[in-house]
1. Has the stretch A:20-27 got at least one residue that is open to solvent by less than 40 Å² (accessible area, probe 1.4 Å), closer than 30 Å to A:Met194 by Cβ and either within 13 Å of DNA strand D (Cβ to nearest atom) or touching a Phe, Trp or Tyr at 6+ places or on another chain (Cβ under 7 Å) (or both)?
2. Would you mind finding the one in B:Arg84, B:Arg30, B:Arg26 that is basic (Lys, Arg) and in the same structural domain as B:Arg112 (by TED's automatic domain parsing)?
3. Taking A:Ile115, is it more than 16 Å from DNA strand D (Cβ to nearest atom) and surrounded by fewer than 20 Cβ atoms within 10 Å (Cβ to Cβ)?
4. Working carefully through the options A:Leu77, A:Leu73, A:Leu108, find the one that is open to solvent by less than 60 Å² (accessible area, probe 1.4 Å), closer than 30 Å to A:Glu177 by Cβ and away from DNA strand D (no atom under 16 Å from the Cβ).
5. Out of A:Ser176, A:Ser181, A:Ser157, report the one residue that is under 16 Å from the mean Cα position of the chain (by Cα), among the hydroxyl-bearing types (Ser, Thr, Tyr) and either open to solvent by less than 10 Å² (accessible area, probe 1.4 Å) or assigned by TED's automatic domain parsing to the domain that holds A:Thr146 (or both).
6. Residues A:Asp55, A:Asp13, A:Asp92: which one is open to solvent by 40 Å² or more (accessible area, probe 1.4 Å), modelled with pLDDT of 95 or more and either assigned by TED's automatic domain parsing to the domain that holds A:Ile143 or within 16 Å of DNA strand D (Cβ to nearest atom) (or both)?
7. Return the residue satisfying two criteria in turn: it lies in the stretch B:108-137 and is modelled with pLDDT of 85 or more and touching a Phe, Trp or Tyr at 6+ places or on another chain (Cβ under 9 Å), and of such residues it is nearest to the other protein chains (Cβ to nearest Cβ).
8. Against the condition assigned to a loop (DSSP other than H, G, I, E, B) and in contact (Cβ under 8 Å) with a residue 12 or more places away in the chain, how does A:Leu124 come out, does it pass?
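The values are calculated or read from the model by the stated rules, or taken from the named source; none is laboratory data. What you see is a predicted model; the values in this text were computed from it and never measured. Glycine gets a Cβ as well: all are built from the backbone with ideal geometry, and neighbour counts include every protein chain shown. Just the protein is used for accessible areas: all its heavy atoms, side chains included, with ligands, DNA and RNA removed. Shrake-Rupley method; radii C 1.70, N 1.55, O 1.52, S 1.80 Å.
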There are 2 protein chains.
Amino acid sequence: MARSKNTEQKIFDAATELFLEKGVDRTSVREIASKAGINLALMNYYFRSKENLFDAIFSMLVKKNSEELIRILNSDLGLFEKIRQYVHVYIDMLSDNPLLVSFVMAILHRSRERITEMKAISSLYSTDQFTKQILEEGKKGNIRRTDTTHFFVDMLSLIAFPFAIKTLVMDKNSFSEEEFSEFIHERKERVPEMLIESLKPRS
Amino acid sequence: MARSKNTEQKIFDAATELFLEKGVDRTSVREIASKAGINLALMNYYFRSKENLFDAIFSMLVKKNSEELIRILNSDLGLFEKIRQYVHVYIDMLSDNPLLVSFVMAILHRSRERITEMKAISSLYSTDQFTKQILEEGKKGNIRRTDTTHFFVDMLSLIAFPFAIKTLVMDKNSFSEEEFSEFIHERKERVPEMLIESLKPRS
DNA sequence: AATCGTTTTAAACATTGTTTAAAACAAGTA
DNA sequence: TACTTGTTTTAAACAATGTTTAAAACGATT
């Protein structure tokens, strides 16, 4: 049996917090060990290396946060309502974990060559159903014919980027944390309307 | 006189390339010295520390790339034409330096607490003229009344974020470098039209 | 209480950013 | 030339990093 309740989990939790807060490369193993209250070498005992620990944490974060989003995309909601729900849930999720975007961005830059092998990433890719829906509505004439890749990128950009530049936005507008939250809250209405507007046939 | 042509510049150039490519924290001083063909200790002789060298490089990159953008924002172009030019020039600039966005994103996460003191950043803030223009056009009824902060964030998001997730977009769509360039090229028309559309009075 | 596999520990290792003190150099001065 | 002065370069050492190792401590089974 384990001597203490669950050493592996303690390492995992401490590292998750530190990685999100300070970034992987600026978090030392000794810092993780100290926060978890364990011996330095136990990190290498349970996870083979710091990089391996990071991979595990990254996978967990992506999986935990992407499942509900994928469910919405693959649901049989109407297109406009689906867009509204997706944006709403996505922004709420990032509001709960505002460091997630910057963290993922940093990772995309940091491990560019390893992206393809990071299985967790591909779980974000299930847009087939959503893509088909846009194309069909286009054929029916209910919306403008739209490049689905562009549209999805537009949607992700409007949702996620503001979190990545949170510091800049707060600094420039002298926002408090509450004011930034309010700003983000407003985007839950604004972004879907903007996206839907861009889909409606030209008047 | 300097023994070799310009050691300081050689360090600066080598570090710039490596920082953009691999990120600051994953670039060692010995690697910089090796690439620049100089002794290890010269980095600390010319720049006081690696962090200091990074600050100098970051300032240079921001200044070099932001001047033309600020000029456009403060010009007396009509609003729609100004938006078209801004997006066009910005995307061209990022196309020439596609690692810039990820680099800046990583920095925003990495040095969150130092952002305010990074003077270079504030040079991106000169949006007063642009903001005033949007408000005035709104009053005149030429466009919808729009929250200027939201609009500027929308614009930046649609311009910059696709570069940050370049790897994902290429991976998902099996894009070659050329195809990604073409994709980005298309956004130079798409993004301004989407933004302008969102400003036009509801039909 | 003896044994076995698992978990934890302290110590050492190579590599990182940084500092130091001496050497090498260019330019001016006698 | 020979000598001095200030700048630039060098090699070596430093503390801190991620990692490995071998031994100790532990819990469970016999």
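1. yes
2. B:Arg84
3. Criteria met by A:Ile115.
4. Only one candidate qualifies: A:Leu108.
5. Checking each option against the conditions leaves just A:Ser157.
6. On inspection, the qualifying residue turns out to be A:Asp92.
7. Filtering first and then ranking leaves B:Thr127.
8. Against the criterion (assigned to a loop (DSSP other than H, G, I, E, B) and in contact (Cβ under 8 Å) with a residue 12 or more places away in the chain), A:Leu124 qualifies.
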